[in-house]
Structures are given as structure tokens and as C-alpha cells.
Amino acid sequence: MRKLMGRLKPAPTMALIAAVGVAAALVLTASPAVAQARAYRAPRTPDGKPNLQGVYQAITEAYWDIEPHSAAPGIIQELGASNATPAGLGITDGALPYKPEALAKKKDNYANRLKLDPEIKCYLPGTPRGMYMPFPFQIIQTPAYIMIVSSYARAVRTIYMTNQTEAPADSWMGWSNGHWEGETLVIDTTGFNDQSWFDRAGNFHSDQLHVVERITATDADHLSYEATIEDPQTFTRPWKISLPIYRRLEKNAQLLEFNCVPFVEDLIYGALRKPSSN
């Protein structure tokens, strides 16, 4: 009997159980820190900054509507499904906090989007809309400047990394100053006009728009893109968008020009043309 008792293991005490629980809790608590320590570190440019250069493109239905939305018919019946809106989960952090009068304007924009959407007339897309249109863009880095060049409408953004000033005038794409926070490129953009939209659904802003973007490489072929939108004339509070952006991996990936100006000349100026004498 004594030999049998000697072979039996003592039952775990409450102190031992508590110690095991504490150890497990510490492991779980430490997990985010461990994951953060193993976060991706991008290759470096000659000046030691994260190298984000490359050709990228977003894959998202935010181009049609940045908020969650169902599939819907298009604005030209004869185009059928080719002009329809696909359903999307949205890229915003909630419903857009429009002021009442601004929400009324948004609804009017949507109802009259065939006439009012600036994209239809090949105007520059604005910021951040240019980042999630279905067109590739290229990031080019130097120590003093970072360029974001889109194939759509020859849209170009210059981000001033050293010689930073306020916007000399309002513009479609705004005036961008940038800095690095570790692995993240932070872009602060002001100096907008009030002509661009956020999407095809009529979401808009005033010339008080202020956009702060954060771009971080999450691995060799993906960027995490976040933007905080502030416009006290249009919205009751700041709000955010976020989405992944993908590197174009085709052999010899490059921008091909989409100069849409010739496609809309008749739409914009046709009424001003001199009638033909024939």
C-alpha cells in the first residue's frame, strides 16, 4: 500500500493552478508585443528610409461608394450590367458624419451624378480618391520628394519631405507635406478646392478638407493605407478610411497612360463648337 501511495502523484494545489493561470495570462498578454516585434521591416533606400517604391493598385468597391452598399443598377439603362454598381463592404470606420445640410447635398449629388460627378469630365480625382480608383499608380522616392503618379488623367502628387510650406493655392490634389514615423510614411495634405468627390456615390467635401494619410508596407507586396478625413464645414467630426493596396506583379509592370481628356471634349465643349456649314 505504501509503495502504491508512493507512486501516486499528489493532486495539484490551488496555488499551483493559480500559478499556471498567471503564466498563461502572461503569455497571452505578451503575444501582441511579440507579434509587433516581428513586424515587417521594408527594404531601405540609400538614405535609410523604408523603400515603398513600385507600381500598386487597390482592389476595392470603394471606387463606387466608400460606405457599405448593395449592388445597384447603373445610371445609363442601355449599358445594363456593364454600368451597374457592385456591392461593397466599405472602407470607412462607420457612417459618414455629415452635417444635415451637407447630407442633403450628398443625396443631390447622387441623384444627379451623371451630370455632377467630376470623374465623368476627366477632372483630377482628388485625395484620397486617387488612391483607390481602379487604375495603377507608382510611388517614386527621393530624400526630398516622394511622387505618387497615377495612370488616370496624368494625376501627380508631390509630397515634400524637406522643403515644407503651406499650400500656395487651392488645387484638386491638395498640397502634401510628409515625414516618416518608423516604417510609416505620414502625409499631411491641405489646400484643396471643393470640386472633387470621394467616390461615385456623391460623397463630397469642402475646401476646408484636411487629409492625413499613413502608408506602411506590411510585406514585400502589400501596403496598409489609412487616411483621417477632417472637414469641419461638411462633417461633425473627423473620420477614417482604411484598405490594403497591392503591388502589381506582372513582368515589367509599369504605368500605361489613361489620358481621358480627348474622350470628353465633345461632352464639355461640344455646345461651343461652331456649327458646320456642310
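The values are calculated or read from the model by the stated rules, or taken from the named source; none is laboratory data. What you are looking at is a predicted structure, and each value in this text was computed from that prediction instead of being measured. Positions of Cβ are generated from backbone atoms using ideal geometry, with glycine treated the same way; all protein chains shown enter the neighbour counts. SASA here: full protein model, heavy atoms, side chains in, ligands and nucleic acids out. Shrake-Rupley method; radii C 1.70, N 1.55, O 1.52, S 1.80 Å.
Can you tell me how many residues within segment 140-177 are of a type in the set (Val, Ile, Thr) and either at pLDDT below 95 or buried (at least 21 other Cβ atoms within 10 Å of the Cβ) (or both)? First the steps, then the outcome.
Residues of segment 140-177 that are of a type in the set (Val, Ile, Thr), as a first pass: 140, 142, 146, 148-149, 156, 158-159, 162, 165.
Subset that is either at pLDDT below 95 or buried (at least 21 other Cβ atoms within 10 Å of the Cβ) (or both): 146, 148, 159.
So the answer is 3.
Going through segment 245-272 one residue at a time, which ones are in contact with a helix residue (DSSP H, G or I) (Cβ under 8 Å, 6 or more places away or on another chain) and at pLDDT below 95?
The first filter runs over segment 245-272 and keeps only residues in contact with a helix residue (DSSP H, G or I) (Cβ under 8 Å, 6 or more places away or on another chain), leaving 245, 264, 267-268.
Residues satisfying the conditions are 264, 267, 268.
So the check is Cβ under 9 Å with 6+ separation or different chains; which pairs have a first residue in segment 160-180 that's more than 26 Å from residue 118 (Cα to Cα) and a second one that's open to solvent by less than 60 Å² (accessible area, probe 1.4 Å) and assigned to a loop (DSSP other than H, G, I, E, B)?
Pairs that qualify, where the first residue is more than 26 Å from residue 118 (Cα to Cα) and the partner is open to solvent by less than 60 Å² (accessible area, probe 1.4 Å) and assigned to a loop (DSSP other than H, G, I, E, B), are 160/144; 161/144; 162/144; 163/144; 178/161; 179/161; 180/161.
Scan (1) in contact with a Pro (Cβ under 8 Å, 6 or more places away or on another chain); (2) surrounded by 14 or more Cβ atoms within 10 Å (Cβ to Cβ); (3) in a loop (DSSP other than H, G, I, E, B) for the single condition residue 206 breaks and write down its number.
(1)
For segment 192-203, which residues satisfy the criterion of being open to solvent by 10 Å² or more (accessible area, probe 1.4 Å) and either within 20 Å of residue 159 (Cβ to Cβ) or part of a strand (DSSP E or B) (or both)?
As a first pass, look at segment 192-203 and keep what is open to solvent by 10 Å² or more (accessible area, probe 1.4 Å): 193-195, 197, 200.
The answer is 193, 197.
Any residue that is over 20 Å from residue 100 (Cβ atoms), in a strand (DSSP E or B) and at pLDDT 95 or above - is there at least one of those in segment 228-240? Walk me through it before giving the result.
Our first condition is that a residue be over 20 Å from residue 100 (Cβ atoms); within segment 228-240, this holds for 228, 240.
Checking the rest, the ones that are also in a strand (DSSP E or B) come to 228, 240.
From the residues that got through so far, the ones that are at pLDDT 95 or above too are 228, 240.
The answer is yes; a qualifying residue exists.
Quick check on my filter: what residues within segment 209-225 are in a strand (DSSP E or B) and open to solvent by 30 Å² or more (accessible area, probe 1.4 Å)?
To start, the set of residues in segment 209-225 that are in a strand (DSSP E or B) comprises 210-219, 222-225.
Listed by number, the residues that qualify are 210, 212, 214, 216, 218, 219, 222, 224.
Looking at segment 141-158 only, could you name the residues that are under 26 Å from residue 262 (Cβ atoms) and not polar (S, T, N, Q)? So that I can check it myself, show each step before the final result.
First pass over segment 141-158, keeping only residues under 26 Å from residue 262 (Cβ atoms): 147-158.
Once the filter is applied, which keeps residues that are under 26 Å from residue 262 (Cβ atoms) and not polar (S, T, N, Q), segment 141-158 yields 147, 148, 149, 152, 153, 154, 155, 156, 157.
Which of the residues that make up segment 254-270 are hydrophobic (A, V, I, L, M, F, W, C), open to solvent by 100 Å² or more (accessible area, probe 1.4 Å) and part of a helix (DSSP H, G or I)? Spell out the reasoning first.
So in segment 254-270, the residues hydrophobic (A, V, I, L, M, F, W, C) come out as 255-256, 258, 260-261, 263-264, 267-268.
Checking the rest, the ones that are also open to solvent by 100 Å² or more (accessible area, probe 1.4 Å) come to 256, 263, 267.
Answer for segment 254-270, where residues must be hydrophobic (A, V, I, L, M, F, W, C), open to solvent by 100 Å² or more (accessible area, probe 1.4 Å) and part of a helix (DSSP H, G or I): 263, 267.
If residue 133 meets every condition in (1) closer than 22 Å to residue 246 by Cβ; (2) open to solvent by less than 20 Å² (accessible area, probe 1.4 Å); (3) assigned to a strand (DSSP E or B) apart from one, which number is that one?
It is condition (3) that residue 133 fails.
For segment 19-37, indicate whether the set of residues that are at pLDDT 95 or above and surrounded by 11 or more Cβ atoms within 10 Å (Cβ to Cβ) is non-empty.
Going through segment 19-37, the residues at pLDDT 95 or above turn out to be none.
Scanning segment 19-37, I find no residue that is at pLDDT 95 or above and surrounded by 11 or more Cβ atoms within 10 Å (Cβ to Cβ), so the answer is no.
Which members of segment 155-191 meet the condition of being aliphatic (A, V, I, L, M) and part of a loop (DSSP other than H, G, I, E, B)?
We begin by selecting, within segment 155-191, every residue aliphatic (A, V, I, L, M); these are 155-156, 159, 161, 167, 169, 173, 185-187.
Residues satisfying the conditions are 155, 161, 167, 169, 173.
Among the listed residues 115, 99, 121, identify the single one that is surrounded by fewer than 18 Cβ atoms within 10 Å (Cβ to Cβ), under 21 Å from residue 204 (Cα atoms), touching a strand residue (DSSP E or B) at 6+ places or on another chain (Cβ under 9 Å) and not small (Gly, Ala, Ser).
On the way: 115 fails: touching a strand residue (DSSP E or B) at 6+ places or on another chain (Cβ under 9 Å); 121 fails: touching a strand residue (DSSP E or B) at 6+ places or on another chain (Cβ under 9 Å).
Just a single option satisfies the conditions, and that option is 99.
If I filter segment 236-253 for residues that are in contact (Cβ under 8 Å) with a residue 12 or more places away in the chain, surrounded by 15 or more Cβ atoms within 10 Å (Cβ to Cβ), hydrophobic (A, V, I, L, M, F, W, C) and farther than 17 Å from residue 137 by Cβ, do I get at least one hit?
yes
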